[in-house]
Amino acid sequence: MKSPSIKNILFYGTDTLSTAVLSKIHTNGYNISAVTKHSKSPVYQFCQRNGVPVDVFRKSELPFGRSSSDFAGCLGVVASFGHMIPGKVIRSMSHGFVNIHPSLVPKYQGAAPLPHTLLNGDKKYGVTVLEALPRSFDQGRILHQSNFDIPTSMSGSEFWNYTADNMADVTHAFLRDPSRSTPRSQDLSISSPAPRISKLQLKTLSRVCPHVQTADQIFNISRCLDLYNLSIVVSWQGKTLKLLSITPINDPHLRELARTRLRSGQFVMWDGVIVVKCADDTVLGVSRMVLPFKPIISAAQFYRDHCSGRVEKVFRMEYSSSELDSLASPQKVQTCR
């Protein structure tokens, strides 16, 4: 970057990840103008509350009806915006244009790095500050990169908030002196895409089958779905049951119990948790669930009220043979491409 004394920032963003970054920049006294996708976005609402000039994105125009010369002395910053920044906007920023991306690029370039991070069960991830380039997504030179651990107990929604804080902190660290960054090119030969996940793909992901999916795979899917406020679903007694608060169980005693006494999909009650045998003799714990048109109940209440006597205690899902083959393939389950 050209100067450590940047004061003027043109910011592009839309969601709560963007808002966390914008709030951090605003708190540190920069002169900000913002562009967002629509007037109902979290970024637009933040700007209205805090007196930040804001414009709605139009592909064919420079923001605020300005000319290129009006952006002299300005740095462009984009974070979780959802549109490609027009080349004429990027070229108008005399201090350059940077992209705050929540992955360790070239890993997970694209619109949905966080869902793919969780689907793949990654233990670490990061936030990258990279050059924004015309007509390309997430392929500019890396200016700054920070690594973070992903706690195994963290839900999808908690991971989203954790990432918002990390993106804000990394942006602040970079802006304190952009000139100190040493740009380095990405090795695009090892890049991995993170495309947006469609509603149909999310629906397919949510229909898990313990007979062919491991506890870790189901847990990873549940964390991804939580980003979208969705839940794992299984079939039980002809009803669709949502499973909440799930986690893999690594207790040797319970895994041996499942291996010797349960078949895949079958479950038992153990210390207030429903224990489900999954593929490869793995074990999943479920502590809350939802029956159709009913409130959330604990696993203990579900078991007490619905699983007495000779009721078959098996979670299942009816799939065609081709769908079962797809679910059994780790690459299909984990990448959702």
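The values are calculated or read from the model by the stated rules, or taken from the named source; none is laboratory data. Remember, predicted model here, so these are calculated numbers, not experimental data. So basically every Cβ, Gly included, is an ideal-geometry build from the backbone, and we count neighbours across all protein chains shown. Just so you know, the surface numbers come from the protein's heavy atoms only, side chains and all, with ligands and any DNA or RNA stripped out. Shrake-Rupley method; radii C 1.70, N 1.55, O 1.52, S 1.80 Å.
Yes/no matrix, rows are residues, columns are (1) free of Cβ contacts under 8 Å to residues at least 24 places away in the same chain; (2) in contact with an Asp or Glu (Cβ under 6 Å, 6 or more places away or on another chain); (3) open to solvent by 20 Å² or more (accessible area, probe 1.4 Å):
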{"site": "K199", "(1), (2), (3)": "yes, no, yes"}
{"site": "V208", "(1), (2), (3)": "no, no, no"}
{"site": "I218", "(1), (2), (3)": "no, no, no"}
{"site": "Y228", "(1), (2), (3)": "no, no, yes"}
{"site": "I249", "(1), (2), (3)": "no, no, yes"}
Q: Examine segment 62-72 for a residue that is in contact with a helix residue (DSSP H, G or I) (Cβ under 6 Å, 6 or more places away or on another chain) and surrounded by fewer than 18 Cβ atoms within 10 Å (Cβ to Cβ), and state whether such a residue exists.
A: yes
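Scanning segment 13-36 for residues that are assigned to a strand (DSSP E or B) and hydroxyl-bearing (S, T, Y), which turns out farthest from F159 (Cα to Cα)?
This residue is S33.
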(Q) For segment 277-307, give me each residue that is modelled with pLDDT of 90 or more and assigned to a helix (DSSP H, G or I). (A) A279, D280, D281, A299, A300, Q301, F302, Y303, R304, D305
Q: Look through segment 15-40, keep the residues that are surrounded by fewer than 22 Cβ atoms within 10 Å (Cβ to Cβ) and of a type in the set (S, T, N, Q), and return whichever of them is nearest to S80 (Cα to Cα).
A: T16
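Within segment 136-153, is there a residue that is out of contact with any Cys (no Cβ under 7 Å at 6 or more places or on another chain), charged (D, E, K, R), open to solvent by less than 30 Å² (accessible area, probe 1.4 Å) and on the phi > 0 side of the Ramachandran plot?
yes
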(Q) Tell me the residue from A194, A173 that is under 19 Å from H101 (Cβ atoms) and open to solvent by 20 Å² or more (accessible area, probe 1.4 Å), please. (A) A173
**Q.** Filtered residue count, segment 252-306, keeping only those that are out of contact with any strand residue (DSSP E or B) (no Cβ under 7 Å at 6 or more places or on another chain), among the hydroxyl-bearing types (S, T, Y) and surrounded by 16 or more Cβ atoms within 10 Å (Cβ to Cβ)
**A.** 0
Q) Hey, S80 hits all of (1) over 21 Å from V170 (Cβ atoms); (2) modelled with pLDDT of 95 or more; (3) open to solvent by 20 Å² or more (accessible area, probe 1.4 Å) but one; which does it fall short on? A) (1)
Q | Top-ranked residue in segment 87-135 [being more than 20 Å from R196 (Cβ to Cβ) and in contact with a Lys or Arg (Cβ under 8 Å, 6 or more places away or on another chain); ranked as surrounded by the most Cβ atoms within 10 Å (Cβ to Cβ)] | A | H95
**Q.** Top-ranked residue in segment 233-276 [being of a type in the set (D, E, K, R) and outside any loop (DSSP other than H, G, I, E, B); ranked as modelled with the lowest pLDDT]
**A.** K239
Q | segment 169-185 residues that are outside any helix (DSSP H, G or I), paired with ones that are open to solvent by 50 Å² or more (accessible area, probe 1.4 Å) (beta carbon under 6 Å, 6 or more apart) | A | D177/P4; S181/H144; P183/R141; S185/R141
